[in-house]
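The values are calculated or read from the model by the stated rules, or taken from the named source; none is laboratory data. Quick caveat: nothing in here was measured; it's all calculated off a predicted structure. Every residue, glycine among them, receives a Cβ derived from its backbone with ideal geometry; neighbour counts consider all protein chains shown. Side chains included, ligands, DNA and RNA excluded: accessible areas come from the protein's heavy atoms. Shrake-Rupley method; radii C 1.70, N 1.55, O 1.52, S 1.80 Å.
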Amino acid sequence: MILSFKEVNDHFGHLFGDAVIADLAQRIEKTFRETDIVGRIGGDEFIVLIKNISKLELIEQKAQELLKYLKRTYSSNGETYAVSASIGIALCPDHGTLFTDLFNKADHALYYVKEHGKNNYALYHQKLPQPL
């Protein structure tokens, strides 16, 4: 069973949900370099700022690695559930140079992934349909 973070809190309680978030944060941090910036922006959403990567292939490789690393199940009270991950990617300077522009475009790509099955990543581009 795949649950959203809200459903995790509803089914298993906030303490269990907090433990899941802490586990996910550790997994995200281990995927990236010390020079990258990793932070939680709320709920089950995290942001990663990666500096000095010039090839799109390396960014896609990191996204695939992160998806694989976050694929995990948790059990509590005899129930088991899986965590889904969705990743939106925006590039500087291609998609903007201001944090707000990059954040909004990555968020746009993230919601595209969420609407199309989750457990994947998308790179922002101008023809990406607007989220519903």
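For the peptides 81-89, 68-76, residues were scored by their other Cβ atoms within 10 Å and the scores averaged per peptide; the highest-first order is 81-89, 68-76. Taken one residue at a time, the phi angles of segment 119-125 give Karplus couplings (6.51, -1.76, 1.60, θ = phi - 60°) of 6, 7, 9, 9, 8, 4, 8 Hz. Gly and Pro are set to x.
Helix content alone sets the calculated 222 nm mean residue ellipticity of the chain: runs of n ≥ 4 DSSP H residues at -39500 (n - 2.57) each, divided across all residues, give -14500 deg cm²/dmol. Cβ-Cβ distance of ILE53 and THR100, R₀ of 22 Å, FRET efficiency by 1/(1 + (r/R0)^6): the value works out to about 0.55. Charging the Cβ of each Asp and Glu at -1 and of each Lys and Arg at +1, and nothing else, the dipole of the chain about its Cα centre rounds to 300 debye. Give a quick list of trypsin sites (Lys or Arg not before Pro) in segment 94-132 that DSSP marks as loop, anything other than H, G, I, E or B, with at most 16 other Cβ atoms within 10 Å. Passing both the DSSP loop test and the Cβ count: LYS118, LYS127.
Note on the chain: antiparallel DSSP beta bridges, both residues inside, total approximately 65 percent of the bridges counted. Using a probe of 1.4 angstrom and keeping all protein chains present, the accessible surface of segment 9-78 works out to 68 square angstrom per residue. Determine which lysines satisfy two conditions relative to LYS71: a Cα distance under 24 Å, and not lying fewer than 8 residues away in the same chain. Straight-line reach from LYS71, under 24 Å: LYS6, LYS30, LYS62, LYS114, LYS118. Between PHE16, PHE46, PHE99, the GNM of the chain built on Cα springs shorter than 10 angstrom shows PHE99 fluctuating the most. A simple spin-label model places the labels of ARG72 and ALA25 1.3 nm from each other, with each point 7 Å out along Cα-to-Cβ. Annotation for segment 1-34: trypsin sites (Lys or Arg not before Pro) lying in DSSP loop with at most 15 further Cβ atoms inside 10 Å of their Cβ are ARG33.
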